[in-house]
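The values are calculated or read from the model by the stated rules, or taken from the named source; none is laboratory data. Nothing here was measured: the structure is a model prediction, and the numbers come from that model. Note: ideal-geometry Cβ built from the backbone for every residue, glycine included; neighbour counts use all protein chains shown. SASA here: full protein model, heavy atoms, side chains in, ligands and nucleic acids out. Shrake-Rupley method; radii C 1.70, N 1.55, O 1.52, S 1.80 Å.
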Amino acid sequence: MVDHLDNEQEEQELYEHLRIVADKGQALLRIDKFLMNRVENTSRNRIQNAIDAGTVKVNDKVIKASYKVKPFDVITVVLPDPPRDTEVYPEDIPLDIIYEDDDVLLVNKEAGMVVHPGFNNYTGTLVNALTFHLNQLPTLPGNTGRPGLVHRIDKDTSGLLVIAKNEWAMTFLAKQFFEHSIARKYVALVWGDIAEDGTVSGYIGRNLKDRRIMDMYDDEEKGKWSVTHYRVLERLGYVTLIECQLETGRTHQIRAHMKSIGHPLFNDESYGGDKILKGTSFSKYKQFVENTFALLPRQALHAKSLGFIHPKSKEFLHFEVPMPEDFRLALEKWRSYSSINQS
C-alpha cells in the first residue's frame, strides 16, 4: 500500500520576513530596484535570486523581476525559516565610554558600527554591545529592539550618543529630544567654498525613488520640519570645514541639508559626495582626492558634542570628543594641499 502522500511533498510553510506598502506617490520602478532601495545590507543579485525562487510577492502573487511597483502595492518577502525574534543578544564588543552613572551612559561611536539591529543586520550593533555591558536596558513603546536608545546617528557617522539606563532616564531624555532642547554639534567637511554662515530649513522626507535617502520638500505632507544652523570653521579651497548645530534631529538631516544647498559632504556616497565635485581636471589633483577618499572611506561627519539636562541631578551636562583618526588625517591632507596651492 502506497502512503497517501505518495511522491508528493508536503507543502512547505512560509514565513513573512518583510512587508512594504508602496507610497501613494511611488513612481513606476522595477521590483528588484525597489527592494534594493528598501532593504539594507543586501545585493541586487540576492534580491533577483529571491524573486526567481518565488519568495517575493506583490499583492500576494509571485512576480518576475521585470514587474514594476505601483502606488499602494503590498510587497512581501516570504522564506521557509521563521524570522529572527526581536530579542537583542549581548555581544562582547569594545565600547569607547565617555561617561557613565546610574542613569545615563555616553558612548563615542566609531564609524562603521550600526546603532541598532534590523532586517538583515542582527549582530555587531551598538545595542548588542550595550546589552552585554549592561544587564537591563529600558524600552519605550514603539521602540522594540532599540533598548536604551533615545536618538541615533548613521552607521558611517562617528561621535557621541547618550543612552538611558532606566525608564525614568529614557522618558526624561526623550522629552528633551522631542522639545529640541538637546544641544548637539557636528563637524562636517563639505564640497565647495561656503561664503558665509547660514541656516537650512524645510520639510525632509524619503526620496520617492530611493527610500534610503532623504529629500527636501516645500509640502508639509511630504516630510517633517527640519532646521540646521551651520558656521564656517575653515576654508580649504575646494572644500570647507563647518560646524552644524541641530535644532531638529531628522534622519540624514545634515547630509540632506548640505546637499540641498549645493555642498554635499565629502565622500558621502548616498548624496553624491563621493565624486570630485570641485577642483581642477589635472590628473595629479584627481589622484589626491582619490587618496583622500581612501583615508576617509565614509561621509565626513562627526558628532562632536552633546549637552543635556541630567534626569536625576537636573544639571546641564556637556560632553565633547575629538575627531577620529580617519577624519583628522583627511583634513590634514586638505590643509596641506590648500596651503601649497595658495602660496
Exercise. How about the stretch 21-40: which of its residues are touching a residue at least 60 places away in the same chain (Cβ under 8 Å) and open to solvent by 80 Å² or more (accessible area, probe 1.4 Å)?
Worked result: E40
Exercise. How many residues does the stretch 316-341 contain that are under 21 Å from the mean Cα position of the chain (by Cα) and either within 11 Å of L296 (Cα to Cα) or in a helix (DSSP H, G or I) (or both)?
Worked result: 4
For this session: Among the residues of the stretch 42-66, write down those that are in a loop (DSSP other than H, G, I, E, B), open to solvent by less than 80 Å² (accessible area, probe 1.4 Å) and touching a residue at least 12 places away in the same chain (Cβ under 8 Å).
Result: T42, T55, N59, I63, A65, S66
Seminar exercise, completed: Of all strands (runs of 3 or more DSSP E) fully inside the stretch 154-240, the set with 1 or more residues that are without any contact (Cβ under 8 Å) to a residue 60 or more places away in the chain, of a type in the set (D, E, K, R) and over 21 Å from E269 (Cα atoms) is 224-235
Exercise. Pick from T228, T171: which is of a type in the set (V, I, T), closer than 30 Å to P311 by Cβ and surrounded by fewer than 17 Cβ atoms within 10 Å (Cβ to Cβ)?
Worked result: T171
Exercise. Looking only at residues in the stretch 273-302 that are open to solvent by less than 90 Å² (accessible area, probe 1.4 Å) and at pLDDT below 95, which one is farthest from E110 (Cα to Cα)?
Worked result: T280
For this session: Return yes when T248 is open to solvent by less than 10 Å² (accessible area, probe 1.4 Å) and over 17 Å from G272 (Cβ atoms) and no when it is not.
Result: yes
